[in-house]
1. Whenever you get a sec, compute what percent of the accessible area on segment A:19-135 sits on carbon and sulfur atoms (1.4 Å probe).
2. Order the peptides B:590-603, B:754-767 from the highest to the lowest mean number of other Cβ atoms within 10 Å of their residues.
3. Over all directions, average the projected area of the Cα convex hull of segment A:49-91 and note it in nm².
4. Per-residue Cβ counts within 10 Å, from other chains only, averaged over B:334-340: what number is that?
5. What's the whole-number percent of alpha carbon pairs in segment A:5-134 lying beyond 16 angstrom?
6. Sorting check: for B:132-144, B:28-40, which peptide has the highest mean count of neighbouring beta carbons within 10 Å, and how do the rest follow?
7. In what sequence, highest mean first, do B:301-309, B:168-176 appear when ranked by Cβ atoms within 10 angstrom?
8. So for segment A:5-134, averaging the separation of alpha carbon pairs under 8 Å that are six or more residues apart and normalising by length, what relative contact order in percent results?
Amino acid sequence: MATTACFIIVSRNEIPIYEAEVGSAAKREDAAQLHQFILHAALDIVQDLAWTTSAMFLKAIDRFNDLVVSVYVTAGHTRFMLLHDSRNDDGIKSFFQEVHELYIKILLNPLYLPGSRITSSHFDTKVRALARKYL
Amino acid sequence: MEEYPEEWRTPPVTLVSLVGWAEYHHLISTHLLSIQPPTNTLALPDLSKLLHPFSQEIRLIIRRVRSKSRWRNTEAGLANQTSHQNSFCRRRCFQFQSGLWRSRSAAIRPRNVKLVVVVVVNDVDDVTEDRFIALRKRAEVDSKCVVTFNPNNDSELQNSLKRLGSVFAELAITYYRDEGRRIRTRVEKKSVNAIDLHIRYCFKVAVYAEFRRDWTEALRFYEDAYHMSREMIGTSTRLPPIQRLVEIKTIAELLHFKISTLLLHGGKIKEAVTWFRQHIASYRKLVGAPEVRFLHWEWMSRQYLVFAELLETSSVSTQSISSLVLGTADRLLTQLEFHPSYYYQLSAHFLKEKRSSLELAHSMSESAHETDSSVDSIAPSVYVGQFARLLEQGDALTMQVLTDEEYTRYAIAEGKRFQDTYEIVALLKKSCESYGNLKAQRMGSFCGFQMAAEYFALGDFSNAKQHFDGVASQYRQEGWVTLLWEVLGFLRECSRKQGAVRDFVEYSLEMAALPVSSGTETQPFRFKECGPAGPPTLSLREIIHKEAFGLVSGDAGSVSVEDNNSIKINADNPLHLEIDLVSPLRAVLLASVAFHEQTIKPGISTLITVSLLSQLPMAVEIDQLEVQFNQSECNFVIVNAHRPLLAAMNDGHRVERTPSLTLVTNKWLRLTYGIKSEQSGKLECVSVIAKMGPNFTICCRAESPASMDDLPLWKFEDRMETFPTKDPALAFTSQKAAHVEEPDPQVDVTLCASGPALVGESFMVPVTVASRGHNIYSGELKINLVDVRGGGLFSPRETEPSSMDSHHVELLGVVEQEGEEESPIGSRQN
C-alpha cells in the first residue's frame, strides 16, 4: 500500500464532494497540508486534458516533488483525483474503476442530490477498503 | 545565458592573448569579438609579462575574474583554453634576445599553444622577404602565422583585421581538434585508472568539441562524465565524506547544465526534460549527513532554478509543447513539466526545505561552537567543488585541505549570509506570473498562497493580506472549504497583527460560518503543521465564533495583538458590517423579507415576514432588528423583550416587541408583522439591521425569497433545508417589494344652474369639483349637453350628434377657491 495517498472527488462544478486520506503511513508533517493545494492546482491540467482524450483514466497528470496526481474523469465530468507516491498504474486504474461503480450507486440513490457532498459512511468504508486493496 | 559565468557558456569562446603594442589592442579585440564565432582577447601590454610562464598568468587572471562571480565553486579547467599567443613586433623585434624567444617557446610548446607573429608595418614593402624568413625561423612558426598589420590605411587595416581573424579561427579549430583528439585517445584507451581523471578528460574532450561546434560529440562525452561522476559516490575516498558528496554534486551540476543547454539549444526539449528528471531522480536521495542536509536542498533548488531559466530562454514555443505532450503515447511527462513555472515553483519548495534544515543545523552548531573565527580563511579551492583553507606563509599562499567539521561550520556560516525568504518570494512570484500567462489560475493560486505565507512569516502583513485575499476569492468561488479555511486563518491573523478590527471580525465570522464539520466519520486531512487557524474542525469554529462575539459585545474586553496594541470595539469605535448579495458573509446572516401580498391598498395593513438565517456554529442573540423600507415612514424596529431598548435606533418608528430574537444555526427565525403604507407606488424592504450589543451592527440587504440564491458554500452540504416563510407557497412566490395601489378617487361634482333660460340666451353654469378624502392631482371632466326637446325622460344616447350644432359652449375660467378647485363654465345656447 502506498505511504501517501489522498483521494478526492470533485464534482462537475469544481467543488470537492468527498475527501479521504488513504495512505498507510503518516506522511511528513510539512507535506501533509500540501495535499489539497496540489490537488486543487492540478484541476487546471485536468480541464485541458479531459477534452483531448476519450479515455476516462488520465494517468499521471501532475507531479509535485515525489507526489503524483492521477485522475479519472467520469462521463458526467466528475473527477476522481488521487495524490500518491506509488507507481502502481494498474492498481490505481482498478481503484478508480471500482470507486466509479460505488459512485454510480450513490448517484442512483433518489435521496442524493448530484453534486452534493457524499456523506455515506458505507461509501467511505468501501473506498478505504479499495485503497487498501489496490494502492 | 549571459548571466552565467564565462566557463558555463555554450559554446565557449576562444581566447587569444595579445602581447605588446597596446595601442592596437582595443581595435583588434573589438574586431575579434564582432566576428562569428567571436573570440575573446586577453591583452598584456607589457612584453615583460611573458617572462612568467604564460599559462600561469592566464590562470591567475581567470581566477580573479571568477572569484567575483556567484558560481565560483564551479571553477572549470579553462586555463588550457588559452590557445594562441600573438606577439606584436616590428622590425625592432629582431633585436629581441634569442633567449627570450627560447624561454617563451619553452613555455608555449609543451602546451601546444599556437603562436602568431604580427608585424606592424607602415608599408608592406618595408619588410623584405628575407626578414620574414628570418623572423619565422627565429619564432619557429609557419609562414601563415606571420601576419602583417598595416594600421595606416583604412582598407589595409580592414584587410589586416580580417586576415588576423581568419588566422585565429583556423588555428583555433586546429588547436582544439588536436587537443581533443589527444585526450580522447587517452579516454578511449582507458589507460587512466583514476575515475576522477577520467571525468576530467571526458569534460575536456567535450569542451573542445564544443569549441568546434561538434555538439554530438560534446553531448556524448558530457554524458559519459556525468554517469561516471554518479558512480564515484560509492567508491571515491579521496576526500572526507561530506566534502566528497559536495564535490561530486557540484561536478554533476556543471555537467548537467552543459547537457541541458546542449539539448535545449538543439531544440530537443523532450529529451532535456527527461534528462532533468533522471538527473533529479538519481541525486534526490543523496541527502548526505544530517548536519549539512541544507546543502542538499540548496543544491536541489538550484537545479530546478537553473533548468527553469534554461527552459525560459530556449526558443521552444508553447504550441509545440502541447503537441509534444499529446504526442507521447504513454504520457510519461506531464504538460507542466515543459514550462519554466513548474521548475520555479519546485525550486522555491526546495529552498524552503533548505531554510528549515539550515535553521536546524544552525541551532545545533550554535550550541556546540559558540564562536568560530576559523571559517574566515576558507575559500573555494582551485578544483571545482572543493574548499580549502588559505594559509599565508610569508608572501606565498597555500591551500590546506579541510576536515568535514571545519567545512560544515564554514557552510553554515555561509548559508546564514543569504536571505532565503526573499529568494523564495521572488521564485514564487516568477512562477505565479508564468502560470498566469498559461491561464492556470489554480496553479497560480497555490503559488500565491505560498508567497503570501512567506510574506506573513516575514512580518510583511499588508503584502501577505493582498495575496491571501486574491487566493481566498478563488477558493471561495470554487468551494474548496479546507483551503479557504487555511487562507482565512492567515488573513485573520494578518488583520489581528495589523489591528484592523473590521477585517478581523469579518474573517472570524466567515470562518465560523464555513461548512466545516469534523463530526463526520470521514476524517478529512491530518494537518500536523497548518496555518495559524489550526485544522478545520467544528470545535475551532466555535472558538472563533466565541472570540468574535466576545470582542463585539465588549465582554472579552479586547483581543490583544503584538506591540501592546489591541483591537477593541467600544462607544468610540463602533463596528458596522454590511452584508450584500455577493458578500461571503451571507452565511453569517441572511435576511429574507416576504410581503404576503404583491399589491396592497394604501392604508390597509398587510403581512410581512422577516426571516433571518445564520450558519454560525452557535446561537446568536440579537438585541434589536430594524427593518428599513424605501418609504422611511414604514420602517419599524423589533426589540428583544429581554434586552433593554437601545435609544439610538428608536427614533420615532414603530416598535414591536418579541419575546426572543435568538438565531439558531441553520434555522430560519421568522417574524411576521402587519404593515401599511399610505403612499402609493413601490414599497420595498431595503435592509435589515441587526444590532448585537451596544456597538455592533450588521446591515443585511433584504432578499426576496422567490429569487434568493443559495448560500454558495452550503449549497451542496448535507443539511436540513427549510423555507424562509411558514407557508412554502409564499417562499416560492413572495417578493421583498410590493406595489401600493392608488387610492380610489372620491370627488363631488356640483352643477349649479340658476334656473330655466330663454332660447338664444347666454347663461352661466358653474360646475364645482371637490375632492373628498385625499388630494387629486389630475383627472378628466366631461360634460354632456343634451337637448331634451320639450321635456320628458330620455337617454343621452338618443341624442343626435347634429343637434349639438345649435349649442355654443365656452369655458370662461377656472377658479380655485380656498384650496379647492372650481371650474365655472359659461354656456351659451342659441
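The values are calculated or read from the model by the stated rules, or taken from the named source; none is laboratory data. Please read these numbers as outputs of a predicted model, since none were measured by experiment. Backbone-built Cβ (ideal geometry, glycine too); neighbour counts: all protein chains shown. To get the accessible areas, we keep the full protein, side chains included, count just its heavy atoms, and leave off ligands, DNA and RNA. Shrake-Rupley method; radii C 1.70, N 1.55, O 1.52, S 1.80 Å.
1. Working: 2570 of 4900 Å².
Ligands and nucleic acids excluded, carbon and sulfur reach 52 percent.
2. Working: B:590-603: 19.7, B:754-767: 11.3.
In descending order of packing, they fall as B:590-603, B:754-767.
3. Value for segment A:49-91: 3.1 nm².
4. 4
5. 60 percent
6. B:28-40, B:132-144
7. Values: B:301-309: 22.1, B:168-176: 18.9.
Highest to lowest by the protection proxy: B:301-309, B:168-176.
8. About 27 percent, as a whole number.
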